[in-house]
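First up is the structure itself, then whatever we jot down about it.
The values are calculated or read from the model by the stated rules, or taken from the named source; none is laboratory data. As the structure is a prediction and not an experimental result, all values here were calculated from the model. We place every Cβ from the backbone using ideal geometry, glycine too, and count neighbours over all the protein chains shown. Side chains are part of the model used for accessible areas, which takes the heavy atoms of the whole protein and leaves out ligands, DNA and RNA. Shrake-Rupley method; radii C 1.70, N 1.55, O 1.52, S 1.80 Å.
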Amino acid sequence: ETLFSPVSTEEVPPRLLSLPKKPTPKICGSNYPLSIAFIVVNEFCERFSYYGMKAVLTLYFLYFLHWSEDTSTSIYHAFSSLCYFTPILGAAIADSWLGKFKTIIYLSLVYVLGHVVKSLGALPIIGGQMVHTVLSLVGLSLIALGTGGIKPCVAAFGGDQFEEKHAEERTRYFSVFYLSINAGSLISTFITPMLRGDVQCFGEDCYALAFGVPGLLMVIALVVFSMGSKIYRKPPPEGNIVTQVAKCIWFAISNRFNNRSGDIPKRQHWLDWAAEKYPKQLIMDVKALTRVLFLYIPLPMFWALLDQQGSRWTLQATRMNGNLGFFVLQPDQMQVLNPLLVLIFIPLFDLVIYRLVSKCGINFSSLRKMAVGMILASLAFAVAAAVEIKIDRMTPPQPGSQKIFLQALNLADDEVKVTVLGDENNTVLEESIKSFQKMPHYAQLHLKTKSQDFYFYLKYHNLSVYTKHSMEEKNWYSLIILEDGKNISSMMVKVEENKTTNGMTAVRFVNTLRKEVNISLGTDISLTVGEDYGVSAYTTLQSGEYPAVHCRTEDKNFSLNMGLLDPGAAYLFVIINRTSQDPQAWKMEDMPTTKLSIAWQLPQYALVTAGEVMFSVTGLEFSYSQAPTSMKSVLQAAWLLTVAVGNIIVLVVAQFSGLVQWAEFILFSCLLLVVCLIFSIMGYNYVPIKPEDLQEPADKHIPYTQRNMINLETKKTKL
C-alpha cells in the first residue's frame, strides 16, 4: 500500500492501468517498427508537395496574377512566415486535445483542400483576375495551416513508434526521416518548374499542372499515412509544455508586478516570483531555457536572407540566360542547388573542414560556427548584389518619357539610305543600311509630345521615297523597308516587349512570299502569316534548338531552320525566297536580352548554403545541448518562430524600402553583418552549461502536469 499526502487542491485525474500491448510488426525481423515505413513515405510525399508548390510560387504571382516583383516577394514571404507560425497551433492541438495521429489526419485533409483550391486558382478558364487572386490566397492559407500544423507532429509521431530499449534504431530513423525531407525537396524543386515551363496549357505556362501534381502527392501522403492506422502506437495527449512555460513566465512577471513594494524582499531571479504556483524544477528549467532564448533574438535576420532564394534570387534568375549548352535551366530550378549542396556540405563540413580546423588548434565552438555562417550568408548577398549590377549593365535601357527606340531593317536587294526628319524638317537620324542588314543598334529619338509624326526619306538607287509614320513614347519600333519590283516602300511595326523571361522565348514572322504561309512550331502551336509582307503577332515557345520547323503554302511544303533560340529573347524571322530552292528564314534579334549566364548564381548559392549548414545545424545542436530535455519542444517552437519573424522582415523591406534590387541586397548584407557583430558579443559573454549540469533527478520523468497537481510523499510501501 502507498499513502499520499496531497499538497495541491487540484483534483488528480484517475490513471488507467496500462494493459500489456501486443507486439508491433517489425521490418524484416529487425527492431524497426513497420509503421515507420508509412511515416517516412508520407513525409517524402508531403515535402515534395510543399517544396514543389513553393518553387513556382513567385513566378506564378509575377506572370499569372501579374503582380509586381515587390508584391510577389511580399506575399511569398507572408506565406512562408505563416507556415512557421502555425506549427505552434499544431503542437497545441496535438498535445492538448486530439493527439498526434488525429491532428496529422485532420490537418492533412485541410492541406489537400488547400492544394485543390490553389490549383483551381491557376486555371485561366475559371473566372477573372479577382477570382484567381481570392482562390490563390485562400488556398495558400489552407496549405500554411496544413503544412505548419503537421510539421511538429510527424517526426515526433515516428519517434513514438519505438520502444525505449530501441533508442539506437530511433536515432537512425530520424536520419532516414530527414533524408526523406531533402529527397522530396530536391526532386520536386527540379520537376515542378519543368511541369510549369515545358508543358503548355491554355496557350501559356501550365501553373495548374505545376500546382496539381504536388496536390496529388499530398493525397498520396494522406492515403499512405492512413494505411498504417491499425499498427501505429498512438500515445494519448500529455499536455503542452509550451503552454506551461508561457504560463509560468506570465505568472512570474505578473506576480513581480503585483509585489513591487519596497517592503517585499527581492528575489535572486525574476522567474523565482513563480515559486508560489509552479514547482522548483520547472522554474529551474525555464531559467536555463531563457538563457538560450536570449541568444535567439538576433537569429531572424539570418532567415531573412536565407529564404530569399525562392523570391528575390528567383526573380534575378528570370533576367539571366538559362541556356547551359547541354541543358536549359528554368529560373525557378536554380533553387534545387540548395538541397543538393546541403547533402554535399553536411558530410564535407563534419568529416573534413571541422576536423582540419580542430587539428590547427582552433577552438571552433558552436557559437563561432553560427557567427561564421552569418558572415557567409552576408557575403552571398554581396555576391548577389554584384551579379545584379552586372545584369543591369548588360540589360538594354528602356525608352523613357517622350522617347522611343528605332531600328531599320532593309529587305531590298541593295543599299538604302534612311534619313529621319522631325516635325520641323530637322534631321534626327541618318543611316545607310545594306541589303538584308539592320542598323547596328537601336537609335533613340526624342519626342516633343507623347505621340509625334516622323518623316522618313528613303534613297534607293535613283529612287527617292517620302513616308510618314506616327510613333508613341516609351516604345520600340522597327522600320521594315520593302522592295516591290523597282519601287520600295516601308512599314512601321511596334516591337512588343517580351514578358516571357521565365525561360521562354518569343518569335514573330514577316512573309515576303506571294502566298500565305502556315507555320507549325509544335504539336499545339501553329500560326498563319499573310502574303506580301504580312507580319505575325508574337508567339511564345520553349527556348532551344529549332533546326527544322515545318511550313506549308497552298502548293508546297518546306522547312525553316530557326537555329538556337535563347531564353528571354524576342526574334524576328523574315521568310524569303531568293533562290530556286526552298524558302529560307532570315533571323534577327528583335529585342536584345541579357547574355549573363544563370551559372553566375552558383557562387551565391554555395555561400548561403555553406552558411546554412554552419548556422542551422549547429544552432539546433547547440540549443539542445544547453537546455533541459523537458524544454526541447519549446526550443523547437522558438526556433520556428525565428524563421517566421525573418520572413516578416523581408516582407517589410520589400514593401517599404523603395530601393533598386542591388541596393536592397547590399542593405540585407550589411544588416546581417551588424547582427553578426551583436550576436558575437552576446556569445562572448555567454557561459555554456555543461551537459552534466542538465542531468535530471531520477524522478524527473514525471510530467509537469502531474507535478503541478500533486506532490507524492511516500509514507510506507509494501510489495
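Observations on the structure shown:
- Residue check, L179 surrounded by 17 or more Cβ atoms within 10 Å (Cβ to Cβ) and in a helix (DSSP H, G or I): no
- Some residue of the range 282-301 being buried (at least 22 other Cβ atoms within 10 Å of the Cβ), assigned to a helix (DSSP H, G or I), under 27 Å from the mean Cα position of the chain (by Cα) and not assigned by the TED database to the domain that holds F79: yes
- Hey, K230 surrounded by fewer than 19 Cβ atoms within 10 Å (Cβ to Cβ), at pLDDT 85 or above and outside any helix (DSSP H, G or I) or not: no
- Applying a threshold of 9 Å to beta carbon distances and a minimum spacing of six or more residues, or different chains, the list of pairs starting in the range 286-302 at a residue that is modelled with pLDDT of 90 or more and ending at one that is of a type in the set (D, E, K, R) reads F302/E612.
- The residues of the range 45-64 that are open to solvent by 30 Å² or more (accessible area, probe 1.4 Å) and touching a Leu at 6+ places or on another chain (Cβ under 9 Å) amount to a single one, Y51.
- Flag for E554 being open to solvent by 70 Å² or more (accessible area, probe 1.4 Å) and in a loop (DSSP other than H, G, I, E, B): yes
- Every residue from the range 65-88 that is open to solvent by less than 20 Å² (accessible area, probe 1.4 Å), in a helix (DSSP H, G or I) and of a type outside the set (S, T, Y): H77, F79, C83, P87
- Among the strands (runs of 3 or more DSSP E) confined to the range 399-465, the ones with at least 1 residues that are under 27 Å from R578 (Cα atoms) are located at 403-410, 416-421, 427-433, 451-460.
- Single unsatisfied condition, P547 versus (1) under 30 Å from F345 (Cβ atoms); (2) open to solvent by 30 Å² or more (accessible area, probe 1.4 Å): (1)
- Of all the residues in the range 106-129, those that are in a loop (DSSP other than H, G, I, E, B) and surrounded by 24 or more Cβ atoms within 10 Å (Cβ to Cβ) number 2.
- Top-ranked residue of the range 267-281 - restricted to ones that are of a type in the set (A, V, I, L, M, F, W, C) and part of a helix (DSSP H, G or I), ranked as surrounded by the fewest Cβ atoms within 10 Å (Cβ to Cβ): W270
- Scope the range 513-546; condition touching a Pro at 6+ places or on another chain (Cβ under 7 Å) and polar (S, T, N, Q); matching residues: S543
- The condition of being in contact with a Phe, Trp or Tyr (Cβ under 9 Å, 6 or more places away or on another chain), assigned by the TED database to the domain that holds Y50 and without any contact (Cβ under 8 Å) to a residue 24 or more places away in the chain holds for only one of G128, G159, that being G159.
- Taking (1) within 22 Å of P396 (Cβ to Cβ); (2) touching an Asp or Glu at 6+ places or on another chain (Cβ under 7 Å) in turn, A599 satisfies each apart from (2).
- The residues of the range 528-547 that are at pLDDT below 90 and of a type in the set (A, V, I, L, M, F, W, C), listed by number, are V535, A537, L541.
- Test result for A506, small (G, A, S), at pLDDT 80 or above, more than 22 Å from K556 (Cβ to Cβ) and open to solvent by 30 Å² or more (accessible area, probe 1.4 Å): no
- The lone criterion from (1) open to solvent by 10 Å² or more (accessible area, probe 1.4 Å); (2) free of Cβ contacts under 8 Å to residues at least 60 places away in the same chain left unmet by T103 is number (1).
- Some residue of the range 489-502 being buried (at least 19 other Cβ atoms within 10 Å of the Cβ), among the polar types (S, T, N, Q), out of contact with any strand residue (DSSP E or B) (no Cβ under 8 Å at 6 or more places or on another chain) and assigned to a loop (DSSP other than H, G, I, E, B): yes
- Failed item in (1) under 18 Å from K390 (Cβ atoms); (2) over 22 Å from the mean Cα position of the chain (by Cα); (3) loosely packed, with under 15 Cβ neighbours inside 10 Å, with L602 passing the rest: (2)
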